[in-house]
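Heads up, the thing below is written out as structure tokens.
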Amino acid sequence: MYRIFYRKQCLKIFHVVGFLFTILVFCEAQLSIRDSIINLHNKPIFSAKNIILPSTLIAYGAIGLFSAEIQNSNKNIRSEFSKFNATKYNIDDYIQFIAPCTVTILDLCGNRSKHSFWQRVALQSLTFGIMGTTVFGLKEITKIQRPDLSSKNSFPSGHTATAFAGAEYLWQEYKHKSVWYCSGYILASSVAFMRLYNDRHWFTDVAAGAGIGILSTKLSYYFISKYNGKTAKSKIKKENLVY
């Protein structure tokens, strides 16, 4: 009995630590490919390296919809949180927006971001369009019961997706100035933690939400950079015709 209990505890710890470790690895990977979205010639790049980790998170969450083993792990993790979450906090409703707000505040204070205000509006609009369509579409399709039995729209976590989309946005706008701007991922991870703590989501929900948020922001940067590249080429051609 002791061995079985010990193995279960190790499995719970493994999944929680594994999730946090994945986020840290993702930040480290970003440092080595910081110019992979837009290179020196302003050509949009979207290599496999950019999507490995967010895709892995999404895949883990998706597999969890059908895997009895992963679903049991979800229940075990929830059981651990239930031991100390008698009081609920809604701070995650606000933390999820800190990273994108930080970009605006820093820019207004003179710490210029990579893109102009209207470019950032376009990026954020596209990001939330991709993310919102994906998140709410999956919620309607999967209809997974929340842990607290409040509704059947648990998968994936919209709060977590929003938080990680904002963290990636902050990183993309300021990574050329300091590596410390990846700290947005700490806030995003805290949102994921609080969604589990408040018994609003399963572990697979927040894993998939994190991946969707990150990938949505990456896709928006890719599409905007590609559009800007075409616009610049068109402008050059017109100038050449004039002269």
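Give the calculated FRET efficiency between Tyr89 and Tyr227 to the nearest 0.05, with a Förster radius of 41 Å applied to their Cβ-Cβ distance. Walk me through the numbers before you get to the answer.
Details: r = 41 Å, r/R0 = 1.00.
Working from the Cβ atoms, E equals 0.50.
Provide the gained length on full extension for the span Asn72 to Trp118, in nm with one decimal, where the gain is 0.36 nm per separating residue minus the Cα-Cα distance.
Numbers: separation 46, 0.36 × 46 = 16.56 nm, distance 4.61 nm.
Value of the extension gain: 11.9 nm.
If you rank Trp171, Trp118 by fewest surrounding Cβ atoms within 10 Å, what's the result? Walk me through the intermediate numbers first.
On the way: Trp171 24, Trp118 8.
Ordered by Cβ neighbours within 10 Å, fewest first: Trp118, Trp171.
Please arrange Arg195, Arg200, Arg146 by how many other C-beta atoms lie within 10 Å of their C-beta, fewest to most.
Values: Arg195 25, Arg200 21, Arg146 16.
Ranking Arg195, Arg200, Arg146 by Cβ neighbours within 10 Å, fewest first, gives Arg146, Arg200, Arg195.
Between Val179 and Ser150, what is the label-to-label distance in nm when each label sits 7 Å out along the Cα-to-Cβ direction?
3.9 nm
Per q in 0.22, 0.26 Å⁻¹, report the Debye log10 I(q)/I(0) for segment 58-125, using one uniform scatterer on each alpha carbon and no solvent.
Ignoring solvent entirely, the Cα scatterers give -0.94, -1.10.
Using only Cα atoms, what is the ratio of the radius of gyration of segment 82-181 to 2.2 N^0.38 Å? Please report the intermediate quantities before stating the final value.
On the way: Rg = 16.5 Å, N = 100, 2.2 N^0.38 = 12.7 Å.
Relative to the rule-of-thumb radius for its length, segment 82-181 sits at 1.30.
In nm, give the distance between the simple-model label positions of Ile63 and Ala48, each being 7 Å from the Cα along the Cα-to-Cβ direction.
About 1.7 nm separates the two model spin labels.
Only counting other Cβ atoms within 10 Å, I'd like Ile130, Ile212 sorted with the fewest neighbours first.
Values: Ile130 20, Ile212 27.
Least crowded to most crowded, the residues run Ile130, Ile212.
We did not get these values from a lab; they are worked out from the coordinates using the rules stated. All values derive from a computational prediction rather than experimental measurement. Backbone-built Cβ (ideal geometry, glycine too); neighbour counts: all protein chains shown.
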